[in-house]
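Below you'll find the structure, written out as structure tokens, and then a few comments.
The values are calculated or read from the model by the stated rules, or taken from the named source; none is laboratory data. Keep in mind it's a predicted model, so treat the numbers as computed, not measured. Please note: Cβ atoms are built from the backbone with ideal geometry, for glycine as well, and neighbour counts cover all protein chains shown. Please note that ligands, DNA and RNA were not included when accessible areas were found on the heavy atoms of the full protein model with its side chains. Shrake-Rupley method; radii C 1.70, N 1.55, O 1.52, S 1.80 Å.
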Amino acid sequence: VIIDAHTHLLDRGFWPDEWFDHVAEEWAAKAPERTPAHIRERIEDGLADPDGEQMIQSMDLAGIDAAILLPMDWGPTFNTRRSLKEYQDQTLRAAARWPTRLIPFGGVDPRRPDALERISDLIEADSIAGLKLYPAAGWEPLHPTALQLYDLCSRKGLPVLFHTGDPLPILDRQLGGPSLLESVVSEFPELVILAGHAGAPSRWADAIDLAKRHPHVLLEMSVWVWADTSLPNAIEVVRRMVQAADEIGPDRFVFGTDHVSGRKVRGLTAMKTIIELFRTANSSLDESARLSETAMNAFLGETVGKALSGWRHHLAP
Ligand SMILES: [Zn+2]
């Protein structure tokens, strides 16, 4: 079973104005004949996939059986036009429509007064398979409410995916560091943690370090093959994984694309491109220097499948 552990399903207004402004400025800087204002609306339209149909099409093209949907709470300091509830509900609706294909996570910022209540309600109703947290939006991983969320997930056997690594400039670089999770894993040794992006790009060593000391930390590899979709880059990424596997074991990596499924920005074939690059890169290395078939199977689905074994739905065959 092939599982993409990191995807986003969006409708208009789910991500904050600040994110779209930032991305529009970056794009406009590369295309001087365009203004950020001209680009901005198109970006948002191009990323929307309200019902998840394009996500399913992309998965079919890529041969991906199941994908984790990560609703992202940017927290109280960013301006988001739609409510977190609308965003979370969209995730649940899409997953209910494709119960063997889409795996819904919860997303919350612990600074929200009702953060714990929201998530415990979702868990009680058996509506989510895990939790996505985003400390770089402005909170410490040891925030008191966050500790209660970890405790809840740990007791219920739900994995928590943290964004780790260098965030966009509009976010807090310091708070994205994998090392900050050290005290979380020490306090909740049974909690399965997915280190989203595995510290990409500058904090890979910190992510490996964390994983080395804590067997329940898994390294989720999205964005390493993303902006640069050249084969040499993918080979370099697989080489890193092979090297790190010597230290942490071959079954600690988790495949993810960070795909946002709207038709116009990334396109329907983005997931396929990424998974094929990983496969081609691995098979172009010498047999002694590549991930074994067993390690590749673990990476592409088995490892995260085990972390999701408490989820009520059977995944696609
Ligand atoms: Zn993401």
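Which of the residues belonging to region 202-230 are over 20 Å from PRO167 (Cα atoms) and out of contact with any Leu (no Cβ under 7 Å at 6 or more places or on another chain)?
Within region 202-230, LYS212, ARG213, HIS214, PRO215, SER230 meet the criteria.
Being free of Cβ contacts under 8 Å to residues at least 24 places away in the same chain and under 24 Å from ASP228 (Cα atoms) is the filter here, so list the residues in region 277-296 that pass it.
The answer is ARG279, SER283, ASP286, MET296.
Return the residues of region 5-19 that are over 15 Å from GLY46 (Cα atoms), open to solvent by less than 10 Å² (accessible area, probe 1.4 Å) and away from the ligand (no atom under 11 Å from the Cβ); say none if nothing qualifies.
Within region 5-19, PRO16 is the sole residue that qualifies.
Which of the following residues is acidic (Asp, Glu) and surrounded by 15 or more Cβ atoms within 10 Å (Cβ to Cβ): ASP65, ASP89, ASP114, ASP121?
Result of the check over ASP65, ASP89, ASP114, ASP121: ASP65.
In region 84-135, what residues are within 21 Å of HIS259 (Cβ to Cβ), more than 15 Å from the chain's Cα centre (by Cα) and polar (S, T, N, Q)?
Within region 84-135, GLN88, GLN90, THR100 qualify.
Would you be able to tell me the number of residues in region 213-230 that are open to solvent by 60 Å² or more (accessible area, probe 1.4 Å), under 23 Å from GLY130 (Cβ atoms) and away from the ligand (no atom under 16 Å from the Cβ)?
So the answer is 3.
Condition (residue is open to solvent by less than 10 Å² (accessible area, probe 1.4 Å), in contact with a strand residue (DSSP E or B) (Cβ under 9 Å, 6 or more places away or on another chain), at positive phi and among the small types (Gly, Ala, Ser)) applied to region 37-55: is it met by at least one residue?
Yes, region 37-55 has at least one match.
Would you mind finding the one in PRO99, PRO110, PRO71, PRO141 that is of a type outside the set (D, E, K, R), outside any helix (DSSP H, G or I) and over 29 Å from GLU302 (Cα atoms)?
PRO110
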